[in-house]
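Structure first, commentary second.
The values are calculated or read from the model by the stated rules, or taken from the named source; none is laboratory data. Computed from a prediction, not measured in an experiment: that's the story for all the values here. FYI the Cβ positions are ideal-geometry reconstructions off the backbone, even for glycines, and counts take in every protein chain you see.
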Amino acid sequence: MNTTLEQERAKFALEKVKDWEKKDSEEYYRYIVQLPVMIRNNGLGQSLAFLLAKKKPSCEDIYGAIEEWLVNKRKIYKNVGNDNKTSLIELLIKGDRIQYSHAQQETLTFFNWLKIFADAFLKKEFLKKENE
């Protein structure tokens, strides 16, 4: 069955949000909402560095989802090296301007779907807590 790129983005985003629904959904939701603004203001590289610096499970998971999408699914960056363990941040730094721009735009487009599903599945959990 042939699927569109938009369907692939939606499917992958839904899988991630459903995984995160079992965890601290409020924290995931807040980062999913904040990150696109950070990317637009500071760039993808600095935004990813922010996630790495936080050292929180939610930030690591979101970073991992972006990395998986850009490297494994969309193949914007080839995971080079003998061990295939070059991190996304390293690939961004070593890549060219066109790849960087493509990766940034693809991440923002991916986050459109993450935000939609986060609104549907993550937001409700902590809103219930606030209303109790």
Just a yes or no: is a residue in the stretch 75-91 over 11 Å from the mean Cα position of the chain (by Cα), crowded, with 18+ Cβ neighbours inside 10 Å, over 22 Å from THR4 (Cβ atoms) and hydrophobic (A, V, I, L, M, F, W, C)? yes
Among the listed residues ILE93, ILE66, which satisfies the condition of being β-branched (Val, Ile, Thr), more than 24 Å from LEU122 (Cβ to Cβ) and part of a helix (DSSP H, G or I)? ILE93
Answer yes or no: is there a residue in the stretch 53-70 that is farther than 19 Å from GLN99 by Cα and of a type in the set (A, V, I, L, M). yes
Looking at this structure, is TYR29 of a type in the set (Phe, Trp, Tyr) and within 19 Å of LEU122 (Cβ to Cβ)? yes
Is it true that ARG9 is without any contact (Cβ under 8 Å) to a residue 12 or more places away in the chain and surrounded by 15 or more Cβ atoms within 10 Å (Cβ to Cβ)? no
So, first residue within 21 Å of ILE116 (Cβ to Cβ) in the stretch 35-62, second residue polar (S, T, N, Q) and assigned to a helix (DSSP H, G or I), Cβ within less than 7 Å, six or more apart or across chains; the pairs are LEU35/SER47; MET38/SER47; ILE39/SER47; ILE39/GLN104; ILE39/THR107; LEU44/GLN104; LEU44/THR107
Please tell me if ILE116 is touching a helix residue (DSSP H, G or I) at 6+ places or on another chain (Cβ under 6 Å) and at pLDDT 95 or above. no
